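Here's the structure we're looking at; comments come further down.
The values are calculated or read from the model by the stated rules, or taken from the named source; none is laboratory data. Just so we're clear, the structure is a prediction, and the values are computed from it rather than from any experiment. Heads up, the Cβs are rebuilt from the backbone with ideal geometry, glycines too, and the neighbour counts pull from every protein chain shown.
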Amino acid sequence: MKRLIGLGAGLALLGLAGVANASLIDLGNGVIHDDVANQYWFQDLSTFKNLDYETQLYEIESLNMFDAGYWDDRWGDWRMANLNDMQNLWSYDASEITSIFTQTVIDDENNRRFEGRYNEAYSSRPNEHFMANLLIYPTGYARKSPLSAYPISDAQGFVTIGAWAVVDATSPAPEPTTIFLFGTGIAGLAALGRRRRK
């Protein structure tokens, strides 16, 4: 009975810890897991730089091939991120994002740039798509650009712009709140059973 109460309490604490420690997790294989949105991100933005929009889409699609090394049964198909995906990612602090993604370039002023196109067309110019970028200054200060603020086109020749690639998980991750409720429920049932025995 004590073990059951301990198990329930442990699960409840795990649920609370999950709420407090929601984060981006480097899986060590070039993929980052967002444990809040339950999405996986391609880590190296520079993989898709020096490419036009159509070629970026093609290269991201090629990640879905089994022999590419980025296929996993935990997720569906890789795609260029859309505005909703970027809003999920942008909810994290700039320093957390830049500490885990690979930059696209270091510019002439020694700033580290994390720049990538995402799949949202500029309404009045459909051949332009928006870019989301982060900048780390030599002082260490990290700055995030607002989303839907910087449209770019292939004609502008932005050779330093990569792409944000993402994939959704095929099965939902258990939410920390669910784990907490499950754990407190087990602890409560164990305590109730113990009480009845006395």
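Data table
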| quantity | calculated |
| --- | --- |
| Any chance Glu120 is in the same structural domain as Leu45 (by TED's automatic domain parsing), touching a His at 6+ places or on another chain (Cβ under 7 Å) and not aliphatic (A, V, I, L, M) | yes |
| Trp41 at pLDDT 95 or above, of a type outside the set (A, V, I, L, M) and surrounded by 15 or more Cβ atoms within 10 Å (Cβ to Cβ) | yes |
